[in-house]
C-alpha cells in the first residue's frame, strides 16, 4: 500500500471504531467531479474543543485541496489567455486576469480553503492590496501606454530608444502626453487601506473580460469581487467603486473560526480520485499552452503575421485530452470557437505586430520613406530585404500605428505589411531576386515551392497535418 494512502486508512479505522462515520457522496466545486467524503461530529456548537479534529481534517484534506489548487491554477491560466499579446486580461497593472493568479498560487502553497477563500480570505486581502497599489492607467491599452509605444526617435537605434523611454516612464515622463504604466502606482497609503478605501470607477481599457472557468462576477465562490469575472457596463472591472478595508489578520481569524466551528459543518475528510488528479495535471499543462505558446499572432517571437501557427493551441489541447473528457479543456475549446475566450482582439494583435516587430534603426515615417527610396534606386529589392532582415521597419507598420484607417487591414492574405515585415524566411527569396531578378520572375512559383522546403514552418505544417491524421483531430 502506498505510504501516501495510509493516513486515510488509519483515520477511517479510528472513526469507524468510534461508530461515528457517515459516508456521503459530494461533488467538487465548479466541475462536478465525484469524490468520497467522510464526515465527523464532535461538538455541535462553536468551541475550542472542535479545534483538534477540524485541524486534523484540514491536514488530511491537503491532498484533495492540492488537486483543487491544480484546477484553480489551470482555471487562472485559461481565464487569462495569452501572455504574449496585450488584451483585456493582460494589460500593465492589476487587471481581471491578474486577480485570478492569487487563486492559482495560493491554492498550491497553502491548501486551506478557510484561510484563502471568500471575503476577508487571503486571496481577497492580497488582491485588494495589489489592485489598490498597482492599478492600470485608464488608457493603458496595447499602444497607448508608455513605454509600450512607438519609440521616440532619440538615438536612432530602436532598442536604445526603447530603454530610454522605459526609464523616462519610471520617472513619470511619458512622451507626448500618453498615459504611462506607473503613473498611479503606490499612491494609496497603507493607512488608508487599513481604515477603508473606496476604489474609483475603473474601466478596462482593453475591452471585456469574459467570465468562465469558475470565475464569475462575484468570484469563484460567489463572494470575492476580485477573482476575475466579467467586466460590467462600460467595461467596468468587478471591483470598480468597491468599499475595501485591508485587514492582514482577517484570513487568520477566518481560519480560526473554521477550526472552532462544529465539526459537522465542515466538508469532512475528502479523498481525491485518480481522475481528479489526472485532470488537475491536464488543466495546468493545457492552461500553460494557452498562456505561453509563443507562436501566436502578435507575439514578438513569431515573425510577421504568424499565420502558420505552430501546432495550433486547439490541436495541442486535443492531444492532451484525446478522449474529450476534461470539462475545463472542453470549456476553453467551446469558448474559443464562440469568440468568448479571453485573449487579444485582431486589432490588438496587429498593434502588437506593429509595435514590437520593428527594425534595428528607429526611423520616423518621413525618414523611412527617404531611406527606402534611396535603397530602391540601388536595387528595387533592397527595401524588402532590409525590412525582412529586421534592419528597417515595414512602412505599413508605422502607418498602422499613426492612422489604422489609412491601412484598413494590416495583414492581407498570408502577408503582413508592405514588404512582409520582419520575417527571416523571406531573406533568401529576397537575395535571389536581388542578384537574379529574371530567374525570380520567370520561375516564381517553382522558386517559392523550392524555398518553402527550407522554411521551418513547412515542417511544422507537415507535423500538424500528420498528428491530426493520426489522432483524427
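Just so you know, all these numbers are worked out from the coordinates, no wet-lab data involved. Being a predicted model, the structure only gives us computed values, none of them experimental. Here the Cβ is made from the backbone with ideal geometry for all residues, glycine too, and neighbour counts use every protein chain on show.
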So between residue 154 and residue 166, what do we pick up on full extension, going 0.36 nm a residue minus the alpha carbon distance? 3.0 nm
Could you check the spin-label model distance between residue 406 and residue 51? Points 7 Å from the Cα along Cα→Cβ, value in nm. 7.2
Once both labels are modelled 7 Å past Cα along the beta-carbon direction, what's the residue 264-residue 436 spacing in nm? 9.0
Kirkwood-based Rg to Rh ratio, the stretch 40-275, C-alpha trace: 1.07
Residue 346 to residue 249: extension gain in nm, 0.36 nm per residue of separation minus the Cα-Cα distance? 30.5 nm
Which order do peptides 254-263, 317-326 fall in by mean Cβ count within 10 Å, highest first? 254-263, 317-326
Cβ-derived FRET efficiency at R0 51 Å, residue 109 paired with residue 377, nearest 0.05: 0.20
Considering only DSSP beta bridges where both residues belong to the stretch 40-275, give the percentage that are antiparallel (nearest 5). 65
Please compute the modelled spin-label separation between residue 198 and residue 319, points set 7 Å along Cα→Cβ, answer in nm with one decimal. 5.3
Kirkwood hydrodynamic radius of the stretch 241-350 from all distinct Cα pairs, in Å? 18.0
Hey, with R₀ at 35 Å, roughly what FRET efficiency would residue 191 and residue 236 work out to, going by the Cβ-Cβ distance, to 0.05? 0.85
What order do you get for 276, 183 when you list them from fewest to most C-beta neighbours inside 10 Å? 183, 276
